[in-house]
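Asker: Would you mind keeping the following structure in view while I ask a few things?
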Amino acid sequence: MSLPFLINQLIHKFEKNINQIVFVSATPGPYEKEKAKSHIVEQLIRPTGLLEPSIEIRPTKNQVKDLIREIKKGVLRTKEP
């Protein structure tokens, strides 16, 4: 058996045993692009060393009520002396 054949067999075995996978690459190759299909995102990293603002992921249920509550909190903060 040749080495390329064994590598292909290992890759095939690995892919059969996983449900999801995340590829992280500055320059995704054909394999990653083919496996990701249209689910590709871009991460921008600032070279200045500045940190990105923190984010909070919330459920979509009641999102309008949640948004209005957050707006009211912001308005109250701006009115405080």
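Asker: Of all residues being assigned to a helix (DSSP H, G or I) and within 16 Å of the chain's Cα centre (by Cα) in segment 27-41, which is nearest to Glu15 (Cα to Cα)? Just the residue, please.
Answerer: Lys35
Asker: The conditions are (1) at pLDDT 85 or above; (2) surrounded by 10 or more Cβ atoms within 10 Å (Cβ to Cβ), and Gly29 fails exactly one of them. Which is it?
Answerer: (2)
Asker: For segment 42-73, name all the residues that are closer than 29 Å to Glu32 by Cα and either small (Gly, Ala, Ser) or surrounded by 10 or more Cβ atoms within 10 Å (Cβ to Cβ) (or both).
Answerer: Gly49, Ser54
The values are calculated or read from the model by the stated rules, or taken from the named source; none is laboratory data. Please read these numbers as outputs of a predicted model, since none were measured by experiment. Here the Cβ is made from the backbone with ideal geometry for all residues, glycine too, and neighbour counts use every protein chain on show.
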